[in-house]
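Below is one structure, written out as structure tokens; the observations come after it.
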């Protein structure tokens with residue numbers, strides 16, 4: 001019987017994704033990887049996977065990043081200059097839906 005290989009997510013070309021931009025921002029601060037993971041309450045392994053473009057950050061991770069840092073979320077998500085209103089803190093302790101009028105991004109998180 002032939003063994004089947006588990007499909008592996010193809011790595012995206014270039015460093016234009018959210019993960020590489022997260023790493024670029026983190027290193028510019030400078031914040032160590034383990035400190036950054038602790039700040040946004042994810043494991044170091046998850047942060048590594050995101051920064052190396054092996055996985056995408058969850059909506060909840062993006063909300064925690066938004067609440068904990070001054071990163072330009074418009075730049076993080078699109079790679080383009082622009083601003084997102086930082087006046088609103090998005091709660092992470094229950095179901096949320098947030099439409100940011102500054103960039104029109106819808107974020108939905110379900111509490112786990």
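Just so you know, all these numbers are worked out from the coordinates, no wet-lab data involved. None of the values given here were measured: they were computed from a predicted structure. Note that each Cβ is placed from the backbone with ideal geometry, even for glycine, and that neighbours are counted across all protein chains shown.
From largest to smallest, the equivalent ellipsoid semi-axes obtained for segment 18-83 from the alpha-carbon gyration tensor read 16, 13, 12 Å.
The label-point distance for residue 34 and residue 67, in a model that sets each label 7 Å from Cα toward Cβ, rounds to 2.5 nm. For the pair residue 44 and residue 80, a Förster radius of 35 Å applied to the C-beta separation gives a FRET efficiency near 0.75, rounded to the nearest 0.05.
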